[in-house]
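The values are calculated or read from the model by the stated rules, or taken from the named source; none is laboratory data. Quick caveat, the model's predicted, so the values are computed rather than measured. Glycine also receives a Cβ, built like all others from the backbone with ideal geometry; neighbour counts cover every protein chain displayed.
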């Protein structure tokens, strides 16, 4: 059932494009939700610096490091997004790395991430979202947790500024893709 649903969402999302705006569902990802355990934030950050070479963002930011995108998802919470690799279990590696310091959940199958490849926000995004996407307000690496048509999403601008990613519950991914299609009409 999930494969069929994922195919429907991908089909709808991949048809959601115009020359100015194209949204594609990102697949082949491991998405891990990491929540710092009480009193372990400093130690968790030390381990993250050793593993990734960067600190975990303490503000709404996304950073790239060591083949991962680390996205702030709330106070002491992050999504770690990694491309799947044959023979490698990113979740198990993170669980071992952060053992005792954080609670981890593999949310790969419960989240859909859409990418809008654009270095500047389109008129569609500017008109239909409650976020100021102007370059001076929503810079590369910025993150916002918001609602789009009553759907909860986390949106981030890639650190290199080339695209925007939107993460939503897979349950609502078809609705998000439909909103995007209608918003462009």
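Quick notes on this structure:
- Meets criteria (under 22 Å from residue 108 (Cβ atoms), touching a strand residue (DSSP E or B) at 6+ places or on another chain (Cβ under 8 Å) and modelled with pLDDT under 90) for residue 176: yes
- Taken as a whole, the condition of being surrounded by 12 or more Cβ atoms within 10 Å (Cβ to Cβ) and out of contact with any strand residue (DSSP E or B) (no Cβ under 7 Å at 6 or more places or on another chain) applies to residue 65.
- All strands (runs of 3 or more DSSP E) inside region 73-134 with 2 or more residues being under 14 Å from the mean Cα position of the chain (by Cα) and under 30 Å from residue 181 (Cβ atoms): 77-83, 111-116
Table: residues versus (1) surrounded by 16 or more Cβ atoms within 10 Å (Cβ to Cβ); (2) under 17 Å from the mean Cα position of the chain (by Cα); (3) modelled with pLDDT of 95 or more.
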residue	(1), (2), (3)
14	no, no, no
34	yes, yes, yes
37	no, no, yes
42	no, no, yes
57	yes, yes, yes
61	yes, yes, yes
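- Residue 94 over 19 Å from residue 169 (Cα atoms) and either touching a strand residue (DSSP E or B) at 6+ places or on another chain (Cβ under 7 Å) or surrounded by fewer than 21 Cβ atoms within 10 Å (Cβ to Cβ) (or both): yes
- Summed over region 58-68, residues that are part of a strand (DSSP E or B) and free of Cβ contacts under 8 Å to residues at least 40 places away in the same chain total 2.
- Taking region 106-135 as the range and being out of contact with any helix residue (DSSP H, G or I) (no Cβ under 9 Å at 6 or more places or on another chain), exposed (fewer than 13 other Cβ atoms within 10 Å of the Cβ) and either modelled with pLDDT of 85 or more or within 23 Å of residue 169 (Cβ to Cβ) (or both) as the test, only 130 passes.
- Only a single item in (1) at pLDDT 95 or above; (2) surrounded by fewer than 19 Cβ atoms within 10 Å (Cβ to Cβ); (3) under 28 Å from residue 38 (Cα atoms) is not met by residue 81, and it is number (2).
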